[in-house]
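For reference, the structure is listed below as structure tokens.
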Amino acid sequence: MIKTKEEMRHASVTGLRGGIGELYQEHILEKEETAGRTDLFCVFTIEPGRTIGLHTHDTNAEVYYVLEGEIEVNQNGELHTVRVGDVVFTADGQSHSVANNTNQTAKMLAIIFPQ
């Protein structure tokens, strides 16, 4: 399969996982397009002051890969500054949240893998 950028679904979500503000999503691949191997495969655009609330992954794992800007990740109660080229892996049973505490837009690739 080849999918062009123009074929990708664009969406926005407000208050994701209890977070603050609206986030933009570019869905690179849909769950059906990966035969259920991913629950989410998208790029999040996170404007300054916006967040993804703290949540636990009980039945899946998630990867964040920072493409642009800088985010602060609370990974199991520990705060980390994550920059371009850095990756975060949150395994089944772990928790995390994301905040853009800078004055610049951040973008990250997010992939959720079912267990």
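The values are calculated or read from the model by the stated rules, or taken from the named source; none is laboratory data. Please read all numbers here as calculations on a predicted model, not as lab measurements. Neighbour counts are summed over all protein chains in view; Cβ atoms, including those assigned to glycine, are modelled from backbone coordinates with ideal geometry. Just so you know, the surface numbers come from the protein's heavy atoms only, side chains and all, with ligands and any DNA or RNA stripped out. Shrake-Rupley method; radii C 1.70, N 1.55, O 1.52, S 1.80 Å.
So, in the range 47-62, of the ones that are of a type in the set (S, T, N, Q) and surrounded by 15 or more Cβ atoms within 10 Å (Cβ to Cβ), which residue ends up farthest from Gly15 (Cα to Cα)? Full working, then the answer.
At the first step, the residues of the range 47-62 found to be of a type in the set (S, T, N, Q) are 51, 56, 59-60.
Next, from what is left, pick out any that are surrounded by 15 or more Cβ atoms within 10 Å (Cβ to Cβ): 51, 60.
Numbers: Thr51: 8, Asn60: 21 Å.
Restricting to residues being of a type in the set (S, T, N, Q) and surrounded by 15 or more Cβ atoms within 10 Å (Cβ to Cβ), the top hit is Asn60.
Just name the residue that is nearest to His57 (Cα to Cα) out of those in the range 73-115 that are over 12 Å from the mean Cα position of the chain (by Cα), of a type outside the set (A, V, I, L, M, F, W, C) and assigned to a strand (DSSP E or B). The selected residue is Ser95.
Looking at the range 63-74, which of its residues are open to solvent by less than 70 Å² (accessible area, probe 1.4 Å) and either closer than 19 Å to Asn103 by Cα or touching a Ser or Thr at 6+ places or on another chain (Cβ under 7 Å) (or both)? It would help to see each step written out before you state the result.
Of the residues in the range 63-74, the ones open to solvent by less than 70 Å² (accessible area, probe 1.4 Å) are 63-64, 66, 69-74.
Of everything in the range 63-74, those that are open to solvent by less than 70 Å² (accessible area, probe 1.4 Å) and either closer than 19 Å to Asn103 by Cα or touching a Ser or Thr at 6+ places or on another chain (Cβ under 7 Å) (or both) turn out to be Val66, Gly69, Glu70, Ile71, Glu72, Val73, Asn74.
In the set (1) open to solvent by less than 80 Å² (accessible area, probe 1.4 Å); (2) among the hydrophobic types (A, V, I, L, M, F, W, C); (3) not in a strand (DSSP E or B), Leu23 fails one condition alone, (3).
When the range 1-20 is filtered for residues that are open to solvent by 60 Å² or more (accessible area, probe 1.4 Å) and closer than 26 Å to Gly93 by Cα, the ones remaining, listed by number, are Thr14, Arg17, Gly18, Ile20.
Before we move on, is Phe113 touching a strand residue (DSSP E or B) at 6+ places or on another chain (Cβ under 7 Å), under 26 Å from Met1 (Cβ atoms) and open to solvent by 60 Å² or more (accessible area, probe 1.4 Å)?
Values: touching a strand residue (DSSP E or B) at 6+ places or on another chain (Cβ under 7 Å): yes; under 26 Å from Met1 (Cβ atoms): yes; open to solvent by 60 Å² or more (accessible area, probe 1.4 Å): yes.
In short, yes.
Pick out the one residue from Phe89, Phe44 that is under 21 Å from Thr14 (Cβ atoms), out of contact with any helix residue (DSSP H, G or I) (no Cβ under 6 Å at 6 or more places or on another chain) and among the aromatic types (Phe, Trp, Tyr). Show your work before the answer.
On the way: Phe89 fails: under 21 Å from Thr14 (Cβ atoms).
Sole residue among the options that is under 21 Å from Thr14 (Cβ atoms), out of contact with any helix residue (DSSP H, G or I) (no Cβ under 6 Å at 6 or more places or on another chain) and among the aromatic types (Phe, Trp, Tyr): Phe44.
Scanning the range 75-101 for residues that are within 19 Å of Leu40 (Cα to Cα), open to solvent by less than 60 Å² (accessible area, probe 1.4 Å) and either among the hydrophobic types (A, V, I, L, M, F, W, C) or in contact (Cβ under 8 Å) with a residue 60 or more places away in the chain (or both) turns up Val88, Ala91, Ser97, Val98.
Residues in the range 26-52 that are aliphatic (A, V, I, L, M), assigned to a loop (DSSP other than H, G, I, E, B) and within 16 Å of Met108 (Cα to Cα): 2 in all.
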